[in-house]
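Below: one structure, written as C-alpha cells.
The values are calculated or read from the model by the stated rules, or taken from the named source; none is laboratory data. Keep in mind that this is a model prediction, so the values were computed, not measured. Cβ placement follows ideal geometry from the backbone for every residue including glycine, while neighbour counts extend to all protein chains displayed. Accessible surface areas use protein heavy atoms only, side chains included; no ligands, DNA or RNA. Shrake-Rupley method; radii C 1.70, N 1.55, O 1.52, S 1.80 Å.
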Amino acid sequence: MSGYFNDLFSGTKSLAVGMGITLKYFFEPVVTLQYPHETLKMTPRFRGHIDLVKDEETGESKCIVCGMCQKACPSGCITVEGEKKEGAKKKTLSSYTLDFTKCSLCGLCVENCKPEAITFSKDYNLAGPSREAYVFDLVKRMKERCSP
Amino acid sequence: MGNYTELLRLLAYLVGIIAFAALNAAYLVWLERKEAAHIQRRIGPKEVGPYGLLQPLADGIKLMTKQLIVPAGADVILFKVAPLLILAPAIASFVTIPFSETLVARNINLGLLMIFAFASLNVMGVLIGGWGSNNKYAVISAARAVSQNVAYEIPMLITAITMVMVAGTMNLNEIVMQQPNIFKWYIFRFTASPLMPVAFLIFFICSLAETNRAPFDMAEAESELVAGAYTEYSGMGFGVFFMGEYANVVIGCSLATILFLGGWQSPFGVPADAHWSLFLFKPGILWFLIKLYLLCFTVIWVRWTYPRTQFYGLLNLSWKYLIPISLFNLLLTGAMLKVFQS
Amino acid sequence: MSHLAQTQTQETFVLNLGPQHPATHGVLRVKLVMDGEYIVHAEPVLGYIHRMHEKMGENRTWAQFMPNTGRLDYLSALSYNFGYAAAVERAAGITVPERAEYIRVITTELNRISSHLLWFGAFVLDLGGFTPLLYAFDDREQILDLLESVTGSRLTYCYFRFGGVYNDIDDNFVPGSLAFIKRLRARMPMYHDLVTKNIILMKRLIGIGPISAEMCRRYGATGPVLRGSGVQFDVRKNEPYSVYPEFNFDIPVYHECDSMARYMVRMDEIEQSMRIIEQACNKLPEGPIMAEKAPKIIKPAPGDYYFSVEAARGSFGVRIVSDGTNTPYRLKLRSPTFSNLSLFAEASQGMLLADALALMGSLDLVIPEIDR
Ligand code: SF4
Ligand code: SF4
C-alpha cells in the first residue's frame with residue numbers, strides 16, 4: 001500500500017519537475033540562427049569544394065599540372081589538363097574540372113598538392129537546377145573570383 | 001415575428017460558433033508551433049505575417065489546394081465521412097458552452113450531459129477513419145482509440161457526476177453562477193470535498209486522453225504508427241481531422257474552466273460597490289477566454305514535455321489510480337454533502 | 001506467449017515497418033508478423049542502403065579508402081576513421097606520435113558524446129517526446145562546432161591519416177573542449193530530471209526488452225547493449241589501444257538487461273568520455289602530429305591484420321589482408337550494429353509493437369553502418 005502512494009507521489013513529482021524544466025526554457029532566449037537572414041562565418045578549416053589558388057605574382061594559377069590531385073582523389077572527380085606554351089619550360093594549366101557531385105570532401109587532393117595550388121572554398125550555399133551545374137570549371141571560377 | 005428573431009439569433013450563433021471553432025483550430029496550431037518552438041528554444045513560424053500570425057492562413061490554403069487522395073481499397077464513404085464525424089460533434093458541443101452570462105447559443109438544462117454525449121462520438125471518427133482507410137497502421141490506431149476510450153471515460157464521468165452532485169444542476173450557466181469568486185471556484189471548494197484539486201487534475205488528464213493529446217496520443221503515435229488513423233488522409237481531409245482535434249481541445253478546456261475555474265466569472269468576485277468599468281471585477285467573456293487559453297497553453301505545454309505513455313500505462317493509470325481516487329472522491333463528496341447540508 | 005496466435009488457424013497479419021518509417025531512422029525494413037499488437041515474428045530486411053564499401057576498398061589505395069570509413073556510422077565517424085587508420089598502421093608498422101594519439105582520443109571521445117547525445121534525442125523521440133531531442137541538438141551543436149574548426153567537416157569526418165592526423169588542433173580547441181565539458185556537466189542533471197526520472201519514461205523502459213548476456217554472446221552484440229546486460233566488456237579496457245591506458249575512466253555496466261539499462265549505460269558513458277577528454281586536454285603533449293617516417297605510399301607487408309576499436313555502438317573491427325600492393329587484397333569491416341540488430345528478431349518476439357520500438361531504439365541502430 002505504501003508502495004502505491006510512493007509511486008503516486010514520486011511519479012507526480014517527476015512530472016511536475018519536467019513541466020518546470022520546459023517552462024524555464026520557454027522563457028529563455030532562443031538559440032537558433034535565423035538562417036537566410038543571418039549566416040555564420042565558416043571556420044578557416046571548413047572544407048567546401050576545392051578552388052584554385054591564384055599566384056599573386058603572375059596572376060595565374062599556382063598549379064604546375066603534376067596531376068597528383070587527380071591521382072589521389074578517391075572518387076575521380078578531378079580532371080586536370082595542361083599545355084606546353086611555345087618556349088615555356090613547364091606546362092601551364094589549361095583546364096581544371098571538378099565534378100562536385102562525386103566529391104567526398106576528404107581533403108586528399110589538397111594534401112597531395114605540393115605547390116599548394118588548391119584550397120577548400122568556404123562556399124556552402126550551393127544549389128543548382130541540374131547535375132551539370134555541379135561540374136565546376138575551377139579556372140573560370142578563379143578568374144571570376146579575382147575580377148570583382 | 002418572435003419566431004423569426006429566434007431563428008435569426010440561432011443562425012447568428014451558428015455562424016459565430018463555426019467561425020469560433022475554425023479560428024481556434026487555426027490559431028491553436030499557431031500557438032502550438034510557437035509554444036513548442038520556444039520550449040525548444042527556437043522561434044517557430046515567423047515568415048508569414050508579423051510573428052508568423054498569418055501562417056495558419058498559408059497552411060489552410062496549402063491544405064485546401066492539395067489533392068484528396070482516396071487510397072485503393074478504401075471504403076470511400078467511411079473514409080470521407082470520418083473527418084466530419086470528429087468535427088461536427090465538436091462544433092455541436094459549442095452550442096451549450098456559456099461564454100458569458102448571456103452569450104450562450106442554447107442554455108440547455110442538460111448541457112453537461114449533451115457535451116459528454118457528443119464527446120463520445122469523437123472516437124467514432126477515429127474508428128471509422130482508421131477502418132475505412134484500408135491501412136494496417138490506421139486499423140491498429142483505430143483499435144487503440146477504442147480501447148483508450150474505455151480507459152479514460154469512466155474516471156471522467158465519475159468526476160463529472162461528483163461535480164453535478166456538488167452543483168446540483170447540469171446547466172452549465174448555473175454551475176458558473178455558483179462560483180462568483182476565486183474562493184468559491186469548485187477547484188478550491190474544500191467544503192464540498194478536500195480532494196477537489198485532485199478531481200480537477202483527474203478531469204484534466206482525462207480530457208487530454210479524450211482528445212488524443214500527448215502523452216496519451218497512442219492512436220496517433222507518429223513514431224509507431226506513422227500517423228495512425230490519419231495516415232492516409234491528405235489535403236483538407238487531414239485538415240478537418242485537425243480542426244476537429246483542436247475543437248475538441250477547446251471543448252475539453254472550456255468544460256474544465258466551467259466546472260472548476262468559475263467559467264466567465266472574475267476571480268476577484270464582484271464587490272458590492274463595484275465600478276462596472278473596472279475590467280478586473282467585471283465578469284464576462286474575457287475572463288472565460290483567458291482561463292480557456294491558459295488551459296490550452298497547458299495542454300500544449302504537456303505535449304512538448306513528456307514522452308508518450310504505453311498502452312498498458314494508460315490502463316494502469318486509469319484503473320489503479322484515476323478510477324479508485326475519483327470513486328473515493330465521489331463517496332467523500334456525497335458524505336460531506338450529507339453532513340453539511342443536514 | 002500463450003495469448004499469441006500459435007497456430008495457423010488464428011489470424012495474423014504482416015506489417016511492414018519501413019523501409020520508410022519514422023521509427024527506423026533510415027531505410028531499415030522490419031517485416032513483422034503480428035497478432036493484433038503483439039509481434040509473433042520479426043525479420044529485419046537489409047540491403048536498402050548497401051554501398052559495397054568492402055568491395056570499394058579493394059579497388060582503392062589504402063589512403064583512398066579513408067573517406068569511406070566516415071560514411072559507415074555517420075554519427076561517430078571518427079571511431080571508424082580511428083579503427084581503419086590504426087589497422088593500416090599496424091599492418092605497415094607505423095608508430096603514431098603521442099600528440100597525434102592524444103588528439104585522436106580527444107576528437108573521438110567528443111564524437112562519441114555527440115553520437116550518444118543524438119541517440120538520446122532520437123530515442124526519446126521514438127518514445128514520443130520531442131523536446132529533449134532539440135536540447136540534445138543544442139549541446140551536440142557545440143561539439144560539431146569544435147570538431148568543424150579542427151577537422152573541417154561536421155559529420156562525415158575524414159581527419160585521421162596513417163601516422164597521425166590531417167592537421168593540428170587550433171588554439172581554441174582545448175579551452176573550447178573544456179568549456180563544453182563544463183557546460184554539459186551542468187546540463188546532465190537537467191536531462192536526468194526531464195527524461196531519466198520521468199515516470200512515463202521509466203514505465204516504458206524498465207523491464208522492457210530484456211536481452212540476456214547469453215543472447216548477446218550468441219549474436220555477438222557489443223557496446224552499450226552488452227554492457228547493459230551486465231558484461232563488462234569495452235575494447236578500450238579489454239584490448240587497450242592508442243593512449244587509452246593512460247587515462248582514468250570507468251566502464252559503466254548495468255545488470256538489469258532491459259532498455260533502461262542500455263539507456264543508463266549510454267548516459268553514464270557520456271560522463272566517462274568527458275572525464276577522458278578532460279584528462280587528455282590537461283596532459284596534451286607537444287610534438288609532431290604526423291609520424292616522420294610514414295611513407296607516402298603505403299604498401300603493407302603481405303599478411304592478415306586485425307584491429308578493433310570501441311565505437312559509440314560497440315566494437316568495430318577492421319580486418320585487412322594485404323598482398324603487398326598499394327591496394328588491400330581484402331577489407332572486412334565488422335560493424336557493431338549489424339550484430340546488435342540481429343538479436344532484435346529473437347528479442348522482440350511476443351512484445352507489443354510500441355515496446356518493440358522502444359527496444360529497437362535502445363539498440364541504437366545506424367542503418368548505413370549495418371548495410372555498409
Ligand atoms: S576532396 Fe577528396 S573527393 Fe573531393 S576532389 Fe579532393 S580528393 Fe577528390
Ligand atoms: S596537385 Fe596541385 S599542382 Fe598538381 S595538378 Fe593538382 S592542383 Fe595542380
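Taking the residues in the range A:44-61 that are within 16 Å of ligand 1 (Cβ to nearest atom) and of a type in the set (Lys, Arg) as candidates, determine which candidate is most open to solvent (accessible area, probe 1.4 Å).
A:45
If residue C:146 meets every condition in (1) within 27 Å of residue C:363 (Cβ to Cβ); (2) within 12 Å of chain A (Cβ to nearest Cβ); (3) in a helix (DSSP H, G or I) apart from one, which number is that one?
(1) is the only condition that residue C:146 fails.
Spot the failing condition for residue C:200; the list is (1) crowded, with 17+ Cβ neighbours inside 10 Å; (2) more than 9 Å from chain A (Cβ to nearest Cβ); (3) among the hydrophobic types (A, V, I, L, M, F, W, C); (4) out of contact with any helix residue (DSSP H, G or I) (no Cβ under 6 Å at 6 or more places or on another chain), and only one is missed.
(2)
Being of a type in the set (Ser, Thr, Tyr), open to solvent by 30 Å² or more (accessible area, probe 1.4 Å) and within 13 Å of chain A (Cβ to nearest Cβ) narrows it down to one of C:219, C:166, C:191, so name that one.
Details: C:219 fails: within 13 Å of chain A (Cβ to nearest Cβ); C:191 fails: open to solvent by 30 Å² or more (accessible area, probe 1.4 Å).
Result of the check over C:219, C:166, C:191: C:166.
Kindly indicate which of C:180, C:160 is closer than 30 Å to residue A:75 by Cβ, in contact (Cβ under 8 Å) with a residue 12 or more places away in the chain and crowded, with 18+ Cβ neighbours inside 10 Å. Outline the logic, then answer.
Details: C:180 fails: closer than 30 Å to residue A:75 by Cβ.
Every option except C:160 fails the conditions.
Of the residues B:124, B:156, only one is surrounded by fewer than 19 Cβ atoms within 10 Å (Cβ to Cβ) and closer than 20 Å to residue B:244 by Cβ; which?
Checking each option against the conditions leaves just B:124.
Scanning for something in a loop (DSSP other than H, G, I, E, B), more than 11 Å from ligand 2 (Cβ to nearest atom) and modelled with pLDDT of 85 or more, does the range A:62-75 turn up at least one residue?
Residues of the range A:62-75 that are in a loop (DSSP other than H, G, I, E, B), as a first pass: A:62-67, A:73-75.
Of the ones still in play, those that are also more than 11 Å from ligand 2 (Cβ to nearest atom) are A:74-75.
From the residues that got through so far, the ones that are modelled with pLDDT of 85 or more too are A:74-75.
Among the residues of the range A:62-75, at least one is in a loop (DSSP other than H, G, I, E, B), more than 11 Å from ligand 2 (Cβ to nearest atom) and modelled with pLDDT of 85 or more, which makes the answer yes.
When you check residue C:335 against the structure, is it open to solvent by less than 30 Å² (accessible area, probe 1.4 Å) and in contact with a Lys or Arg (Cβ under 8 Å, 6 or more places away or on another chain), yes or no?
yes
Just give me the residues in the range B:29-60 being hydrophobic (A, V, I, L, M, F, W, C), within 14 Å of chain C (Cβ to nearest Cβ) and in contact (Cβ under 8 Å) with a residue 24 or more places away in the chain, in sequence order.
Initial filter on the range B:29-60 (hydrophobic (A, V, I, L, M, F, W, C)): B:29-31, B:36-37, B:39, B:43, B:48, B:53-54, B:57-58.
Those still in the list that are within 14 Å of chain C (Cβ to nearest Cβ) too: B:36-37, B:39, B:43.
B:36, B:39, listed by residue number.
Condition first: within 14 Å of ligand 1 (Cβ to nearest atom) and either open to solvent by 30 Å² or more (accessible area, probe 1.4 Å) or acidic (Asp, Glu) (or both). Can you find one or more residues in the range A:89-97 that meet it? Reasoning before the result, please.
In the first step, residues of the range A:89-97 are kept if they are within 14 Å of ligand 1 (Cβ to nearest atom); the result is A:96-97.
Subsequent filtering for residues that are either open to solvent by 30 Å² or more (accessible area, probe 1.4 Å) or acidic (Asp, Glu) (or both) retains A:97.
Taking every residue of the range A:89-97 in turn, at least one turns out to be within 14 Å of ligand 1 (Cβ to nearest atom) and either open to solvent by 30 Å² or more (accessible area, probe 1.4 Å) or acidic (Asp, Glu) (or both).
Of the residues C:83, C:128, which is in a helix (DSSP H, G or I), of a type in the set (Gly, Ala, Ser) and surrounded by 21 or more Cβ atoms within 10 Å (Cβ to Cβ)?
Working: C:128 fails: in a helix (DSSP H, G or I).
None of the other options fit; the residue is C:83.
Would it be correct to say that residue C:50 is open to solvent by 50 Å² or more (accessible area, probe 1.4 Å), assigned to a loop (DSSP other than H, G, I, E, B) and more than 11 Å from every other protein chain (Cβ to nearest Cβ)? Outline the logic, then answer.
On the way: open to solvent by 50 Å² or more (accessible area, probe 1.4 Å): yes; assigned to a loop (DSSP other than H, G, I, E, B): yes; more than 11 Å from every other protein chain (Cβ to nearest Cβ): yes.
Considered against the rule, which asks whether it is open to solvent by 50 Å² or more (accessible area, probe 1.4 Å), assigned to a loop (DSSP other than H, G, I, E, B) and more than 11 Å from every other protein chain (Cβ to nearest Cβ), residue C:50 comes out as yes.
In the range C:64-80, which residues are open to solvent by 10 Å² or more (accessible area, probe 1.4 Å) and either modelled with pLDDT under 85 or touching a Pro at 6+ places or on another chain (Cβ under 7 Å) (or both)?
Passing the criteria: C:64, C:71, C:74.
Determine whether the range B:204-218 contains at least one residue that is within 13 Å of another protein chain (Cβ to nearest Cβ), at pLDDT below 85 and open to solvent by 30 Å² or more (accessible area, probe 1.4 Å).
Scanning the range B:204-218 turns up no residue that is within 13 Å of another protein chain (Cβ to nearest Cβ), at pLDDT below 85 and open to solvent by 30 Å² or more (accessible area, probe 1.4 Å).
Would you mind finding the one in A:122, A:114, A:140 that is away from ligand 1 (no atom under 14 Å from the Cβ), within 14 Å of chain C (Cβ to nearest Cβ) and more than 23 Å from residue C:65 (Cα to Cα)? So that I can check it myself, show each step before the final result.
On the way: A:114 fails: more than 23 Å from residue C:65 (Cα to Cα); A:140 fails: within 14 Å of chain C (Cβ to nearest Cβ).
Matching residue, one of A:122, A:114, A:140: A:122.
Restricting attention to the range A:103-120, does a residue exist that is within 13 Å of ligand 2 (Cβ to nearest atom), basic (Lys, Arg) and open to solvent by 70 Å² or more (accessible area, probe 1.4 Å)?
Yes, the range A:103-120 has at least one match.
Condition check ((1) surrounded by 24 or more Cβ atoms within 10 Å (Cβ to Cβ); (2) at pLDDT 80 or above; (3) not charged (D, E, K, R)) across all residues:
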{"position": "B:240", "(1), (2), (3)": "no, yes, yes"}
{"position": "B:251", "(1), (2), (3)": "yes, yes, yes"}
{"position": "B:254", "(1), (2), (3)": "yes, yes, yes"}
{"position": "B:267", "(1), (2), (3)": "no, no, yes"}
{"position": "B:271", "(1), (2), (3)": "no, no, yes"}
{"position": "B:274", "(1), (2), (3)": "no, no, yes"}
{"position": "B:280", "(1), (2), (3)": "no, no, yes"}
{"position": "B:297", "(1), (2), (3)": "no, yes, yes"}
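Quick check on my filter: what residues within the range A:13-43 are open to solvent by 70 Å² or more (accessible area, probe 1.4 Å) and either in a helix (DSSP H, G or I) or within 11 Å of chain C (Cβ to nearest Cβ) (or both)? Walk me through how you get there before you give the answer.
Our first condition is that a residue be open to solvent by 70 Å² or more (accessible area, probe 1.4 Å); within the range A:13-43, this holds for A:13, A:24, A:27, A:29, A:31, A:33, A:35-41.
A:13, A:24, A:31, A:33, A:40, listed by residue number.
Name, by its number, the condition in (1) over 17 Å from residue A:145 (Cα atoms); (2) within 15 Å of ligand 2 (Cβ to nearest atom); (3) within 10 Å of chain C (Cβ to nearest Cβ) that does not hold for residue A:84.
All conditions are met except number (3).
Which residues, counting only those in the range C:86-125, are assigned to a loop (DSSP other than H, G, I, E, B) and either surrounded by fewer than 24 Cβ atoms within 10 Å (Cβ to Cβ) or among the small types (Gly, Ala, Ser) (or both)? It would help to see each step written out before you state the result.
If we filter the range C:86-125 for residues that are assigned to a loop (DSSP other than H, G, I, E, B), which is where we start, we get C:93-97.
Passing the criteria: C:93, C:94, C:95, C:97.
Could you check, for the range B:236-256, whether at least one of its residues is under 30 Å from residue C:26 (Cα atoms) and not in a helix (DSSP H, G or I)?
No; the residues of the range B:236-256 include none that is under 30 Å from residue C:26 (Cα atoms) and not in a helix (DSSP H, G or I).
If I go through the range C:330-372 residue by residue, how many of them are of a type in the set (Asp, Glu), assigned to a helix (DSSP H, G or I) and more than 17 Å from residue C:51 (Cβ to Cβ)? So that I can check it myself, show each step before the final result.
First, pick out the residues of the range C:330-372 that are of a type in the set (Asp, Glu): C:346, C:355, C:364, C:369, C:371.
Filter once more, keeping what is assigned to a helix (DSSP H, G or I): C:346, C:355, C:369, C:371.
From the residues that got through so far, the ones that are more than 17 Å from residue C:51 (Cβ to Cβ) too are C:346, C:355.
Residues meeting the conditions: 2.
For the range C:300-329, which residues satisfy the criterion of being assigned to a loop (DSSP other than H, G, I, E, B) and more than 30 Å from residue C:271 (Cα to Cα)?
First, pick out the residues of the range C:300-329 that are assigned to a loop (DSSP other than H, G, I, E, B): C:300-302, C:312-313, C:323-329.
Within the range C:300-329, C:300, C:301, C:302, C:323, C:324, C:325, C:326, C:327, C:328, C:329 meet the criteria.
Within the bounds of the range B:194-201, is there any residue that is within 14 Å of chain C (Cβ to nearest Cβ) and modelled with pLDDT of 85 or more? Break it down into steps so the answer makes sense when it comes.
Looking only at the range B:194-201, we keep the residues that are within 14 Å of chain C (Cβ to nearest Cβ), and these are none.
Checked the range B:194-201: no residue is within 14 Å of chain C (Cβ to nearest Cβ) and modelled with pLDDT of 85 or more.
When you go through B:309, B:333 one by one, which is the residue that is open to solvent by less than 20 Å² (accessible area, probe 1.4 Å) and at the interface with chain C (Cβ under 10 Å from one of its Cβ atoms)? Can you show your working first?
Numbers: B:333 fails: at the interface with chain C (Cβ under 10 Å from one of its Cβ atoms).
That would be B:309, the only listed residue that is open to solvent by less than 20 Å² (accessible area, probe 1.4 Å) and at the interface with chain C (Cβ under 10 Å from one of its Cβ atoms).
Any idea how many residues of the range A:93-111 are more than 17 Å from residue A:46 (Cα to Cα) and within 14 Å of chain C (Cβ to nearest Cβ)?
Looking only at the range A:93-111, we keep the residues that are more than 17 Å from residue A:46 (Cα to Cα), and these are A:93-99, A:101-102.
Still in the list and also within 14 Å of chain C (Cβ to nearest Cβ): A:102.
Residues that pass the stated criteria total 1.
Read through the list (1) in contact with a Gly (Cβ under 8 Å, 6 or more places away or on another chain); (2) surrounded by 14 or more Cβ atoms within 10 Å (Cβ to Cβ), then give the number of the only condition that residue A:71 fails.
Condition (1) is where residue A:71 drops out.
Condition (residue is more than 16 Å from ligand 2 (Cβ to nearest atom) and open to solvent by 50 Å² or more (accessible area, probe 1.4 Å)) applied to the range A:134-142: is it met by at least one residue? Step through it out loud before you land on a result.
First, pick out the residues of the range A:134-142 that are more than 16 Å from ligand 2 (Cβ to nearest atom): A:134-135.
Next, only the ones that are open to solvent by 50 Å² or more (accessible area, probe 1.4 Å) stay: A:135.
Checked the range A:134-142: at least one residue is more than 16 Å from ligand 2 (Cβ to nearest atom) and open to solvent by 50 Å² or more (accessible area, probe 1.4 Å).
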